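The values are calculated or read from the model by the stated rules, or taken from the named source; none is laboratory data. It should be emphasised that the depicted structure is a prediction, and the values quoted were computed from it without experimental measurement. Here the Cβ positions follow ideal geometry from the backbone for every residue, glycine too, while neighbour counts run over all protein chains shown. These accessible areas exclude ligands, DNA and RNA; they are computed on the full protein's heavy atoms, side chains included. Shrake-Rupley method; radii C 1.70, N 1.55, O 1.52, S 1.80 Å.
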Amino acid sequence: MAALLPAVLQEDPVLTGLTTGLDEVLAPAYVALDCLDAYLDPGLAPADFLARLAAWLGVTLDESWADDQRREVVRHAVELHGMRGTARGLRWQLELAIQGRAEVVDSGSARWSSTPTSPAPVEPSLVVRIRRGSMSDTELAAVRDLVAGAKPAHVPHRIELVG
């Protein structure tokens, strides 16, 4: 910044020292602002900033996931939020989380009644079948939490392990 001062002010050692110090302090902020679009792109954001970007979008990232998998989840966060509570949205979340090792079976029923005490014709339900393979108990617990958080609260669910 000292080079940008008028020639008369460049001769003052106190003022040039102050502006040089400000250059050192403000340089990281200028670099970050110059690259702001890269910080907001999940494909380009630094790995340490990706968690913050996910938090802004309301996404919880699993630390055990590979970097590419974490970036993919953040990339689709807004679309997934729009499908939250649907079988299709849950299917997509499971696809991203466990690479397609799950099948979602939704009863497709909805409950409605003109009186509060009448029984529902078909109870809504959700079944998630998971091909466990080499999935650890910790990963399975994370999948259970994902299903419980992504499905509608009033729909009972069960998880079946296949193979």
## Note on the structure
Over segment 1-149, with neighbouring protein chains present, the accessible area per residue in Å² at probe 1.4 Å is 65 Å²
### Task
Between residue 118 and residue 84, take the C-beta separation as r, use R0 = 22 Å, and let me know the FRET efficiency to the nearest 0.05.
0.15
### Query
Which one of 27, 51, 77 has the biggest mean-square fluctuation once the chain is modelled by GNM with Cα springs under 10 Å?
27
### Query
Of [x] 19.9; [y] 16.7; [z] 17.8, which one was derived for Kirkwood radius over Cα pairs in Å from the structure shown?
[x]
### Message
I'd like the accessible area for residue 130, computed on protein heavy atoms only with a 1.4 Å probe and all protein chains in place. Round to 10 Å², please.
### Response
0 Å²
### Task
Please calculate the 1.4 Å probe accessible area of residue 37, with all protein chains present, and give it to the nearest 10 Å².
110 Å²
### Message
Using alpha carbons only, how many angstrom separate the centre of segment 1-49 from the centre of segment 51-105?
### Response
37 Å
### Message
Test of understanding: in a Gaussian network model of the chain with alpha carbons linked when under 10 Å, which of 103, 11, 139 would top the mean-square fluctuation ranking?
### Response
11
### Query
What ranking of 157, 76, 81 comes out by heavy-atom accessible area, probe 1.4 Å, highest first?
81, 157, 76
#### Entry: Solvent-accessible area, 1.4 Å probe, carbon plus sulfur percent, for the chain
59 percent
